[in-house]
Amino acid sequence: MSSAPVTTDRFPVRALGGPTAVFDYGGLRFLTDPTFDDPGDYPTTGRGLVKTAPSTTTPADLGPVDVVLLSHDEHPDNLDTSGRVLLADVPLTLTTPGGGQRLGEKAKGLADWESVELSRPDGGTVTVTGVPALHGPGTREEVEAVTGQVVGFVLTAEDLPTVYISGDNASLDLVREIAERFGPVDTAILFAGAPRFDELFSGALIVLDSSQAAEAARILGARRVVPVHYNSWAHFTEGRDELAAAFSAAGLADRLEWGDHS
């Protein structure tokens, strides 16, 4: 494990484009859903995805990463070719149970509410808990048959603020369950963008839209929200302007942090 600076209550989260963000917590460096490939067409089962903008950095510029928090491995807008290469150099990838089987010995799948303790350079521990997520509307069986398993994460430590990473989740009911167990949270990294496809679930949302992201922030009691998964891909139907408007309408504009610092 690397020795990233020990976290303070105001630890920065850097959004890198799409679902990818990096932050230091408890002296460990965490990276969400690594996507660093160039813009272009990325075919996937039954539909095509188009990346419209590059990442704001490269894997080489990140420095050592201790843990990848991977919501799912089956879609190129959450794990692309460059991201898969990066995983080989990361000591631990936490992901879905199925992804843990597919990605090899450095990957561990987390079932809903399953936790793993990570050693911190200062001698303490960080607990990462896998939390439920649904990548579309309906029951778990219905959704996973179409879009596969997805997992979110909650990070806790005795002396550190609670962090929630939603992954590709479309269910506010699940957000309520997570809030009941872990709320209020300090920092919520919320996947948004209102993606939808006509051929999936009759065009219904498969990840939160902007108004739902604001409602998720309220449910969680989040002090700070860093939105990701709203730019760099053509299938995201809402972006920064819609997020800003939704949080303003909800009276939560002061909680938004864009994570676009260098």
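The values are calculated or read from the model by the stated rules, or taken from the named source; none is laboratory data. Everything quoted here is computed from the prediction, not taken from an experiment. In this analysis, Cβ positions are derived from the backbone assuming ideal geometry, glycine residues included, and neighbour counts consider all displayed protein chains.
Observations on the model:
- Test: residue 165 is under 12 Å from the mean Cα position of the chain (by Cα) and not small (Gly, Ala, Ser): yes
- Residues of segment 134-181 classified as under 14 Å from residue 222 (Cβ atoms) and hydrophobic (A, V, I, L, M, F, W, C), total: 8
- The numbered conditions (1) within 15 Å of the chain's Cα centre (by Cα); (2) more than 20 Å from residue 69 (Cβ to Cβ) are all true for residue 189 except (2).
- Within segment 10-30, residues that are more than 18 Å from residue 161 (Cα to Cα) reach partners that are of a type in the set (Gly, Ala, Ser) and assigned to a strand (DSSP E or B) with beta carbons closer than 9 Å, at six or more positions or on different chains, in the pairs 15/21.
- Residue 84 fulfils the conditions (1) crowded, with 18+ Cβ neighbours inside 10 Å; (2) modelled with pLDDT of 95 or more except for a single criterion, (1).
- Subset of segment 192-231 (residues that are over 16 Å from the mean Cα position of the chain (by Cα) and at pLDDT below 95): 196, 197, 198, 199, 200, 201, 202, 203, 204, 205
- Residues satisfying the stated conditions in segment 197-217, i.e. surrounded by fewer than 16 Cβ atoms within 10 Å (Cβ to Cβ) and within 17 Å of residue 172 (Cα to Cα): 204
- Taken together, the residues in segment 161-178 that are surrounded by fewer than 19 Cβ atoms within 10 Å (Cβ to Cβ) and aliphatic (A, V, I, L, M) amount to 1.
- Per-region count, segment 96-131, residues under 16 Å from the mean Cα position of the chain (by Cα), closer than 16 Å to residue 32 by Cα and of a type outside the set (S, T, N, Q): 6
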